Amino acid sequence: MSITVNGLDELKKLADSDLGTSEWIEVTQDRIDTFADATGDHQWIHTDPERAAQGPFGSPIAHGYLTLSLFIPLFTQLLDVQGVTTKVNYGLNKVRFPAPVKVGSRIRLVARLTSVEDVPGGVQITVDGRIEVDGGTKPAAVVQSLSRFYI
């Protein structure tokens, strides 16, 4: 369920709070292939199901950066900031990929808004996120993301 805030003052009140857990989304071979086409990364472990079945994970796996790119659509399920003119991904402080995402797996985001800091014309938020794999023992990605919201 999404948390909706209106304006920067309401957003600031959420500092140091859990944002919750997103819905599950499936990582399909079609999604992996589309990502490979967009980035030019056609490594067999992602795009060749027959060869990948004989590889170290027993099936194709998602690119780490595909998993990372899904942070934003998952995050938008958790927090909706209204009353601002611009929302910008500002960067990342930390990213790790502890576990692979096998084709057909479902992933979701668990996130915490750790800080909200003033910047000229708006605020910068820091979000600690964990992308979980359904049934997995380790997260697929651990992310510390920075976003800016301008009025």
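Answer with yes or no whether L14 is over 19 Å from G135 (Cβ atoms), in contact with a strand residue (DSSP E or B) (Cβ under 6 Å, 6 or more places away or on another chain), of a type outside the set (V, I, T) and open to solvent by less than 50 Å² (accessible area, probe 1.4 Å). Against the criterion (over 19 Å from G135 (Cβ atoms), in contact with a strand residue (DSSP E or B) (Cβ under 6 Å, 6 or more places away or on another chain), of a type outside the set (V, I, T) and open to solvent by less than 50 Å² (accessible area, probe 1.4 Å)), L14 qualifies. For the stretch 86-102, the tally of residues that are in contact with a Lys or Arg (Cβ under 9 Å, 6 or more places away or on another chain) and either of a type in the set (A, V, I, L, M, F, W, C) or buried (at least 19 other Cβ atoms within 10 Å of the Cβ) (or both) stands at 2. Scanning the stretch 52-67 for residues that are open to solvent by 30 Å² or more (accessible area, probe 1.4 Å) and more than 16 Å from the chain's Cα centre (by Cα) returns A53, Q54, P56, F57, G58.
For the condition out of contact with any Phe, Trp or Tyr (no Cβ under 7 Å at 6 or more places or on another chain) and not hydroxyl-bearing (S, T, Y), G129 does not qualify.
Okay, residues lined up against (1) at pLDDT 95 or above; (2) of a type in the set (V, I, T); (3) surrounded by 14 or more Cβ atoms within 10 Å (Cβ to Cβ); (4) under 26 Å from L8 (Cα atoms):
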{"residue": "V84", "(1), (2), (3), (4)": "no, yes, yes, yes"}
{"residue": "L113", "(1), (2), (3), (4)": "yes, no, yes, yes"}
{"residue": "P120", "(1), (2), (3), (4)": "yes, no, no, yes"}
{"residue": "E132", "(1), (2), (3), (4)": "yes, no, yes, no"}
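Picking from residues in the stretch 88-105 that are charged (D, E, K, R) and modelled with pLDDT of 95 or more, the one that is farthest from the chain's Cα centre (by Cα) is K102. Among the residues of the stretch 34-51, is any open to solvent by less than 60 Å² (accessible area, probe 1.4 Å), under 19 Å from L146 (Cβ atoms) and in contact (Cβ under 8 Å) with a residue 12 or more places away in the chain? There is no residue in the stretch 34-51 that is open to solvent by less than 60 Å² (accessible area, probe 1.4 Å), under 19 Å from L146 (Cβ atoms) and in contact (Cβ under 8 Å) with a residue 12 or more places away in the chain. In the set (1) polar (S, T, N, Q); (2) within 19 Å of the chain's Cα centre (by Cα); (3) over 30 Å from P120 (Cα atoms); (4) assigned to a loop (DSSP other than H, G, I, E, B), the condition left unmet by Q77 is number (3). For the stretch 112-151, the candidate set comprises residues that are more than 30 Å from G58 (Cβ to Cβ) and of a type in the set (G, A, S); within that set, the residue that is farthest from the chain's Cα centre (by Cα) is G121.
The values are calculated or read from the model by the stated rules, or taken from the named source; none is laboratory data. Bear in mind the structure is a predicted one, so any value in this text is a computation, not a measurement. Backbone-built Cβ (ideal geometry, glycine too); neighbour counts: all protein chains shown. In case anyone asks, the SASA skips ligands and DNA or RNA and just uses the protein heavy atoms, side chains included. Shrake-Rupley method; radii C 1.70, N 1.55, O 1.52, S 1.80 Å.
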